[in-house]
Amino acid sequence: MADLEQVIYPGQGGMNKDASYNVMPEGDYPYALNCISDESGEYGMITNIKGNEVVTFALPTGTNKVVGFVEDQEDQAGIYMVYNSNGDHCIVRFYSLTDAIEFILDSESELNFQATPSLDVGIIGSGDDKLLFWTGDEVNPPREINLERAYDYTHYTSTTTTTTT
């Protein structure tokens, strides 16, 4: 059995999209697909995401493709950035515990997602002040939205009050 000093823990480095392969520090890696950092261990390890399950959900008409994803640990949900070939791009939140799905933004051509899955997505803040940031498609500048305000925008309902005297 190898001594602990001889064991290489892949979690010691991190994903490094900036360095060239020939100068990448030991333990770093250029890309990670379908994995998350599991920091429950002594050193922190990279683990596979649990298996997929089919969830039926209606997306806008056209070809839809996920171009970005981030885990929302606070709400135990995943946020998906979805490109649509007809320009009806959307941001969708999936709650893994209840299998509930909701549009954060729906059919928004202003999102201008590109068909190449290259978005770097992150979340900062919590509660009503939670911000979703994304960048990396080489066409649009870095962008951000407040998740709750965007959800309220998509699910706005008008109420009319009338009074009689």
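None of the figures in this text is laboratory data; all of them are computed from the coordinates on show. Worth saying up front: this structure is predicted, and the values here are computed from it rather than measured. No Cβ is skipped: glycine too gets one built from the backbone with ideal geometry, and neighbour counts run over all protein chains shown.
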Asp99 versus Tyr31: modelled label distance in nm, points set 7 Å from Cα along the beta carbon direction: 3.2
R0 of 30 Å, Cβ-Cβ distance Gln73-Arg143: FRET efficiency to nearest 0.05: 0.90
Distance cut-off 18 Å, percentage of C-alpha pairs in region 64-154 lying past it: 38
Extension reserve of the Phe133-Ala19 stretch, reckoned as 0.36 nm per residue once the Cα distance is removed: 38.8 nm
Local net charge near Gly87, Cβ-Cβ under 12 Å (Lys/Arg +1, Asp/Glu -1): -3
Contour excess over end-to-end distance, with Cα ends at Val54 and Ser109 and 0.36 nm allotted per residue: 17.1 nm
Relative exposure of Val66, Val139, Val54, judged by other C-beta atoms within 10 Å (fewest first): Val54, Val139, Val66
Relative contact order %, region 73-130, counting alpha carbon pairs below 8 Å whose residues are six or more apart: 28
Cut-off under 5 Å, modelled amide H: who pairs with Val67 long-range: Met81, Val82, Tyr83
